[in-house]
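Structure, as C-alpha cells:
The numbers here are math on the coordinates, done by the rules we state, and not lab data. On a predicted model such as this, the values are computed, not experimentally measured, just so you know. Backbone-built Cβ (ideal geometry, glycine too); neighbour counts: all protein chains shown.
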Amino acid sequence: MNKTDFLLAGVGGQGTLLASNILAEVGLRAGYDVKKSEVHGMAQRGGSVTSHVRWGNKVYSPLIGQGEVDYLLSFERLETMRYIEHLRPGGTVLINDHAMPPISVTAGKDIYPDDKSLQDVLAQVTPNVQFVPAMTIAEELGNARVANIVLLGVLSAHLDIPAEVWLSVIADMVPAKHVALNQTAFKKGRTLAK
Amino acid sequence: MKRLLSGNEAIAYGAWESGVRVAAAYPGTPSTEILETLAPMPNVYAEWCPNEKVALDVAIGAAYAGSRAMAVMKHVGLNVAADAFFYASMTGMEAGLVIVSADDPQMHSSQNEQDNRRYAKFARVPCLEPTDSQEAKDLVGVALEISERFDTPVMLRPTTRICHSSTPVEIPAERHDIWQKPPEYRIDTTKYVMVPGNALKRHPVIEERIARLAEFAETFPYNVVEMGGTELGIVTNGVAYQYAKEVFPASRTSFLKLGMTYPLPRQLIADFAAQVDRLIVVEELDPFIEEEIRLMGIECEGKSIFPMVGELNPKIVRDCAIKAGLLPESARVETASPEKPPLPPRPPILCPGCPHRATFTVTKKLKLVVNGDIGCYTLAFLPPQGAVHTCGCMGASIGVAHGVAKAGIQQRHVAAIGDSTFFHTGMPALLNVAYNQSNTITLILDNRTTAMTGHQQHPGTGKTLQGKDTVAVEFEPLVRALGVPHVTTVDAYKIKDVEAALRAALDREEPSVIVVRRECALLPEVRRTYKPLKVDLSECNACWACLRTGCPALRKSNEVYEKTKREKVEIDPLLCTGCELCAQVCPTNAIQFRAQLYSSEEAQDKR
C-alpha cells in the first residue's frame, strides 16, 4: 500500500482524539509508517476538533493535503460539510448520523443545514457515503460515548487488517473497565459496513 | 521498540534519556505537555514556575551547579525570559542547558507568531529544529552535548505542528549516567558576575564561540544533504521539510535539511547551491534562513514564493510552487469545491458553568471598559458578552488599566486577570498601582487552576506539578502586602455579590482588588457535582435575559410565548452544570434553582 489518509472530524467531547489514537496505533502495528496530527484550538468544550491520520510505506507530512483524504470519518453531520473539501473526489465518507447544533443555532441566530443540503454537498464530491446510526447503537449498548468506536468498526471493514489487531489496540488504549463495551461497539460497527 | 509519540512527549523522553536533572517551565500552548510527561519519570526534578523568566533562571542555576537542565516555554514566554536568555549566553554554564521555545505559526493559541530564531541570533545562541518526534527526542541530547562542548545555552525550537503531531519514536531503554554525577558549584566570578568589566571580556568570547559553531555546523550530522535531481535545490527546516519532501519529486529535486538553523554552515550551503540550477528556501514564518544565505552572498528565493504569514501545509507549498513555475500545472491536486450553504461556526466560548460568566455579565451591565489578560476569560470579548476590550500579553491588564487612569480618562476601567496570570506578571503591575495610586479596580478571576492550558497547578493551588501538597499562597494577604488595603472576595457564582463588590469599588477613588473565586467547572472534582437545572415553561415569558449570559446550555425551545410570539427557553441537561447564573438573572423565576429541583442533600453536593 502506498498510502491511506484519514481525516477525523467531530466536536470536542465526542472522542475524536481517542478514535484517531486507536487508528494510528493500528496502522503502526500493521507495519506502516504512521503520522497523526491533531488540530484543536484554544481549550474548550464544544469546539470543532479534527485529527489527521496517515498510513503509508513512508509518510512525510503530518498534515494531509486538501483533496487527498481517502476516508473522512465524521462524528457530527455539520462537521462533515465543514471539512468535505479535504476529501479526494470519490473518497469515502462515514458519518455518525447525529447533529450537535452550535450555540449560534440554539440561540436562534444561525440555521443548522438540513438533511437535503448535506446530501447535495456530499453528492457533489463522492457517491461513497454511509450514514451510520452510531449514536443510537452506542446508546443501545449502554453508553453513548462509544459511538466513536462504532464508527471505527465500520471503517475497519474497508481496510485489510484483521479484526484481532483492532481489538487488541482497543484493549490497550481504553480503561480496563470499558474494554468489553468498546470491543462490542467495534464488532457491531464492523458488521454494518456497506 | 517504536511508539507513537507527540513531539512534546518525545522531548520529555529526550530530556530523561540525556540525563537532565532539573527542568522548569510555565505552561503555555503548544509546549505544556513536555513537563507533564517528564514530571513522573524517575530521578528527574521538574517544576512549574510562576513565569518563564523564573523558570529559565532556575534552569540556569541548575546548570551552574553542574546539572544538565532544561527550561520550557512557548514562543512568547521567551519574551518574558529574554533577560535571562541573554545573560546565560554571556556566562555559559558548567553543564548542558537546553531552552525549548515552542513556536506557534498560525497562532493556534497565541497573540502573535513571532519567529524565535531571531532570538537565537540576537543572543548568539545556536538553534536546533526537529522535523519529527524522533528528532525532537534525539536533538535534546544533541543540544546538551553542544551546550557543554561550546559552553553555551542551546535553543530547541519545535513548532505547534511538531509538538502536537505523533510519529514513531524509538523509546530509550537506557539513560545517560550524567544524572548520577554529584552536583558541584564552581565559583568563577569573572565568568559568572556580569558587571561591565567582566561582561566586556565575555562579549568577544561569545562572538568567537558562534564562529566556531558555524564551523561545527559544516559537519553537523543533522544538517543533511539529500541529492536527487538538480533542477531544484531546496533548503528547508522543521515541519516544512516534510511538506517539501511530499510535494517536490526527488527526480528533479535535491534537499538540504537544516537541523541547526543558527548559525548556518556557509561552505555546505555554497557547495549545495553550486550543484543545483535554482536554490529555493522553504521555511515557515520569517525569511530567516533566506536572509542568512543572502548575507553569505549566495542567491536564493523564498518568501517571494511562499507566504510569511501562518503555517505551511502540503497544499500551500504545492500551489505556491506551481505558481512560481517550480512544478508543472499537472502537479496540481484535483479538489472538489462543492456549493455549500453558510455553515454556523463553532467558535471557542466560555463553557457551561464557567465561573467567569457572571463577572462579565456584571461589567457589561455597569458599562465598564475591561482591560483583559491572557486566559479563558479573554473569550468574553465575543458576543453575547462583548465585555473584554483589550488583550495583549500575560500580565498586561493591570498596567494598561493604570495607564488609562493616569491619562485622565473619567470612565472607570477595570483590569481582569486570572489567578495563574496574576502570579505570572500581574504582581509587579499591582504594586505599581499601589505605589503610584490610581483608582484602578483589579478583578482577580480565581478559578483555582491554570485553566486554558489544561488545568496546571500554580502557587495558589497548594499542589506542585507532581500533585504533592505545598504552600497555597493566598491572594488577600498578598494584595495587602503589595499596598492595596481594599481587597474583597466574592463567590463568582453569586452575581449580586459580584455586582455589590464592584459598585463598592467604583465608589472609591483608590486602588481596589476584588478576588472573584470559584473553581473552574471542568475540574474533575467539580464535574462530579453537576446538577442540571430546568425551566418551568409555564413561567417563562421569553424575555431572553438568560440567553444574554451566553451559556451554551441554554437554547430556544419549540414553545412560544403568546404575547410576544418569541420562543421560550429550555436547558440542555447534558450541558448544564447547575451553576444557577441563569436562575439568578431570570426575572420571572422560571428557571428553578438546585434547591427547588433536588432534595436538600443532593443540592448541597455542589457547595
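Structure above, values below:
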item	result
Dipole-positive endmost among B:ALA505, B:TYR435, B:VAL535 within the stretch B:435-568 (Cβ charges, Cα centre)	B:VAL535
Under 5 Å, built H, 5+ apart or other chain: amide partners of B:TYR45	B:VAL22, B:ALA23
Degrees separating the helix B:133-150 axis from the principal Cα axis of chain B, which is the longest one	60
Simple spin-label estimate for A:ALA157 and A:ARG29 in nanometres, 7 Å along Cα-Cβ	2.1
The protein assembly as shown shape via C-alpha gyration tensor axes, a/c threshold 1.5	oblate
Given charges at beta-carbon only (K, R positive; D, E negative), |dipole| of the protein assembly as shown in Debye	1540
HN-Hα J in Hz across the stretch A:10-19 - Karplus 6.51, -1.76, 1.60, θ = phi - 60°, x for Gly and Pro	x, 10, x, x, 8, x, 4, 6, 4, 4
About the Cα centre, charge dipole magnitude for the stretch B:98-179 (Lys/Arg +1, Asp/Glu -1 at Cβ), debye	340
Neighbour net charge for B:ALA405 - beta-carbon separation under 12 angstrom, K R +1, D E -1	0
Over the stretch A:3-192, relative contact order from alpha-carbon pairs under 8 Å, at least 6 apart, %	20
Total formal charge among the other residues, if their Cβ is under 11 angstrom from that of A:ILE149, Lys/Arg +1 and Asp/Glu -1	+4
Projected label distance in nm at B:GLU226 and B:PHE122, using a 7 Å step from Cα toward the beta-carbon	3.3
Selection from B:THR253, B:GLN596, B:LEU547 lying farthest towards where the dipole of chain B points positive, charges on Cβ	B:GLN596
Charge dipole magnitude, Cβ of K and R +1, D and E -1 - the stretch B:1-109, Cα centre, debye nearest 20	240
For the stretch B:221-371, the Rg and Dmax computed from alpha carbons only, in angstrom	22.3, 69
Potential lengthening between B:HIS176 and B:ILE322 on full extension [0.36 nm per residue; Cα-Cα distance subtracted]	47.8 nm
Packing-based ranking, highest mean first, of B:18-24, B:284-290 given that Cβ atoms within 10 Å are counted	B:18-24, B:284-290
Chain B, relative contact order [Cα under 8 Å, separation at least 6], %	10
Charge dipole (the stretch A:3-192, unit charges on Cβ, about Cα centre) - positive-most of A:VAL150, A:ALA171, A:PHE131	A:ALA171
Kirkwood Rh, angstrom, chain B [1 / mean 1/r, Cα pairs]	26.9
Average silhouette area of the stretch B:426-475, convex hull of alpha-carbon atoms, in square nanometres	4.2
Per-residue mean of C-beta atoms belonging to partner chains within 10 Å, peptide A:53-66	6
Antiparallel %, DSSP beta bridges [both residues in the protein assembly as shown], to 5	35
Cleavage-rule hits (GluC sites (Glu not before Pro)) in the stretch B:496-543: DSSP loop, at most 10 neighbouring Cβ within 10 angstrom	B:GLU509
Span from the the stretch B:477-508 Cα centroid across to the the stretch B:39-116 one, whole angstrom	35
Label-point gap, in nm, between B:ILE409 and B:ARG528 - each point 7 angstrom along Cα→Cβ	4.4
Degrees between helix B:7-17 axis and first principal axis of chain B (Cα, 0 to 90, nearest 10)	60
Other-chain or far-sequence residues with amide H under 5 Å of B:GLU559's (modelled H)	B:LYS568
Other protein chain Cβ atoms within 10 Å, averaged over every residue that makes up B:160-170	5
Shielding of A:103-114 by partner chains, average beta-carbon count, 10 Å	6
Extension gain from B:VAL369 to B:ARG252, taking 0.36 nm per residue of separation minus the Cα-Cα distance	36.2 nm
0 to 90° range, to nearest 10: angle between helix B:396-406 axis and chain B longest Cα axis	60
Full-extension gain in nm, B:GLU145 to B:TYR435, via 0.36 nm per residue minus C-alpha separation	99.7 nm
Long-range amide H partners of B:LEU482 with built H, under 5 Å	none
Calculated from backbone phi, Karplus (6.51, -1.76, 1.60) coupling profile of the stretch A:96-112 in Hz, x at Gly/Pro	5, 7, 8, 10, 10, x, x, 4, 5, 7, 5, 7, x, 8, 10, 10, 6
Modelled FRET efficiency - R0 25 Å, B:LYS340 with A:GLN130, Cβ distances, 0.05 increments	0.75
Within-9-Å neighbourhood charge of B:PHE288 [Cβ basis; K, R +1; D, E -1]	-3
